[in-house]
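K.L.:
Dropping the structure in here first, questions after.
The values are calculated or read from the model by the stated rules, or taken from the named source; none is laboratory data. The model shown is predicted, which means the values in this text are computed figures rather than measured ones. Cβ: placed from backbone, ideal geometry, glycine included. Neighbour counts: every protein chain shown.
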Amino acid sequence: MVWRETDIMDERLRFIVDCLSGEETMTAVCERYGISRKIGYKWLGRYREFGPEGLHDLPRAPLNHGRATAADLVERIVALKEAHPAWGPKKIIGRLKREAPSHPWPAISTAGEILKRHGLVGRRRGRWRAVGNGPWPDAQRPNAVWTGDHKGWFRTRDGWRCEPLTVLDAWSRYLLALEATGSTADEEAWPVFERLFEEHGLPDRFRSDNGSPFASAGVTGLTPLAVRFIKLGIALERIAPGKPQQNGCHERFHLTMLPLAKAPEIDRQAQSQAFDAFRREYNEERPHEALGMDTPAEYYRGSERQMPANVPEPDYPAEAAVRRVRNNGAIKWQGGEIYVSASLAGEPVAVEETETGEWALRFYAHPLGHIDLKRMRLVRRSALQPRPAGAAADTTAQEKGGKL
């Protein structure tokens, strides 16, 4: 049975008045209003508990949807997002599953809707995607390749210029260093790397761009920092100019740490502390998609190549002509001077004849270039090798003295 088609609230109020008057039985009143005794007792009970407001219709949706996420799970999702504002639903669910794998955690899309309902989702920016890792083989284990770069500078709130130096292990994505340096100079970078080598050992290769302190615009492209790496047996990998995708994982990391630059600390000390806290979270707490939502700390192990107490001398073959680089960055060769690099001043380099009759220079295992005997200059490619069609000539500023 249903209420008659009149004003529903007026009908219900008249029904309650008739019930409370006591002149008729509940059965008689319900028959007169065309409703069942069950409906009659329901509205009488609602009136006695809530007064006239209890006679309004309640929402028909169930209080607890059969597929709704449990309140305690929602609270943990929201709490983790508030603790890590930069994390998205994928990382949040990944982290929670690791902490409590037996819990019925919702799908990532459901977690995203939960965060959206709580106002914890901002505007999604376009996703940066790496195109590749360049012409080198991928790292297959920890310390096969370290990558390094300086994140774009910003100022702390007291005006100090911060040039963050970042170093990652390419295989495990472990953040080895996030250092609040004040410049890109060698003298600031080397103490950082010296500490890393002492703590973690040496990588096989090091990948960077062509900027300071990793490379220079000279023929050899060497800097004092690069020279130290070579002497320690670390092979150098330099990405092509304008090709940041060749160091794609590192570039992607810089987007992850972008909020730190947008919210600088009061001074250098406070910024260093913020960097240290971020590094611990990144390595030990933040799930990494490339690692199956595990953390970098679970994958990284120290290198078996330890930092030597004394750097070994280069082992050049007996047939090589060994020349020591002068203070002006040049070597004596066939009665003239060949400029090599000011960064190699005082260091021994080997001049070796190739199968094609050219003279090639190297420092330890690192090739420096070929000697152009006609112009008595060091060039990056063989002066006798034919150039491919359309290739840029090597007679650029790098060959016109090559000074740093």
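K.L.:
I'm trying to understand the selection: among the residues of region 20-31, which are exposed (fewer than 13 other Cβ atoms within 10 Å of the Cβ) and either charged (D, E, K, R) or at positive phi (or both)?
P.N.:
Let us first name the residues in region 20-31 that are exposed (fewer than 13 other Cβ atoms within 10 Å of the Cβ), namely 20-23, 25, 27-28.
Matches in region 20-31: GLY22, GLU23.
K.L.:
Now a separate question. Restricting attention to region 282-298, does a residue exist that is farther than 30 Å from GLU265 by Cβ, buried (at least 17 other Cβ atoms within 10 Å of the Cβ) and not aromatic (Phe, Trp, Tyr)?
P.N.:
no
K.L.:
So which pairs qualify, if the first residue must be in region 269-293 and at positive phi, the second must be assigned to a helix (DSSP H, G or I), the Cβ gap must be under 7 Å, and the two must be at least 6 apart or on different chains?
P.N.:
Every condition considered, the pairs that remain are MET293/GLY94.
K.L.:
For region 198-255: of the residues being among the β-branched types (Val, Ile, Thr) and closer than 28 Å to ASN310 by Cα, which is surrounded by the most Cβ atoms within 10 Å (Cβ to Cβ)? Walk me through how you get there before you give the answer.
P.N.:
Taking region 198-255 as the starting set, the residues that turn out to be among the β-branched types (Val, Ile, Thr) are 219-220, 223, 227, 230, 234, 239.
From what's left, closer than 28 Å to ASN310 by Cα: 220, 223, 227, 230, 234.
Details: THR220: 28, THR223: 23, VAL227: 20, ILE230: 22, ILE234: 22.
It comes out as THR220.
K.L.:
Now, a different point. Is there any pair with a first residue in region 150-162 that is without any contact (Cβ under 8 Å) to a residue 40 or more places away in the chain and a second that is in a strand (DSSP E or B) whose Cβ atoms are under 9 Å apart and which are 6 or more apart or on different chains, and what are they?
P.N.:
Once the first residue is without any contact (Cβ under 8 Å) to a residue 40 or more places away in the chain and sits in region 150-162, its partners that are in a strand (DSSP E or B) give TRP153/ARG161; TRP153/CYS162; TRP153/GLU163; TRP153/PRO164; ARG161/PHE154; ARG161/ARG155.
Here is a yes/no grid of residues against (1) modelled with pLDDT of 65 or more; (2) farther than 29 Å from ARG301 by Cα; (3) within 19 Å of the chain's Cα centre (by Cα):
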site: LEU115; (1), (2), (3): yes, yes, no
site: GLY119; (1), (2), (3): yes, yes, no
site: ARG123; (1), (2), (3): no, yes, no
site: ARG127; (1), (2), (3): no, yes, yes
site: GLY132; (1), (2), (3): no, no, yes
site: PRO135; (1), (2), (3): yes, no, no
site: ALA139; (1), (2), (3): yes, no, yes
site: GLY148; (1), (2), (3): yes, no, yes
site: TRP153; (1), (2), (3): yes, yes, yes
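K.L.:
Could you check VAL74 against (1) outside any helix (DSSP H, G or I); (2) among the β-branched types (Val, Ile, Thr); (3) over 25 Å from the mean Cα position of the chain (by Cα) and say which number it fails?
P.N.:
The single condition VAL74 does not satisfy is (1).
K.L.:
Across region 270-326, which residue is farthest from LEU178 (Cα to Cα) among those that are within 14 Å of the chain's Cα centre (by Cα) and in a loop (DSSP other than H, G, I, E, B)?
P.N.:
Applying the filter and picking the extreme gives MET293.
K.L.:
Something else: Being outside the structural domain of ALA290 (by TED's automatic domain parsing), free of Cβ contacts under 8 Å to residues at least 12 places away in the same chain, surrounded by fewer than 18 Cβ atoms within 10 Å (Cβ to Cβ) and closer than 21 Å to PRO259 by Cα narrows it down to one residue among ALA83, ALA100; which is it?
P.N.:
On the way: ALA100 fails: closer than 21 Å to PRO259 by Cα.
Result of the check over ALA83, ALA100: ALA83.
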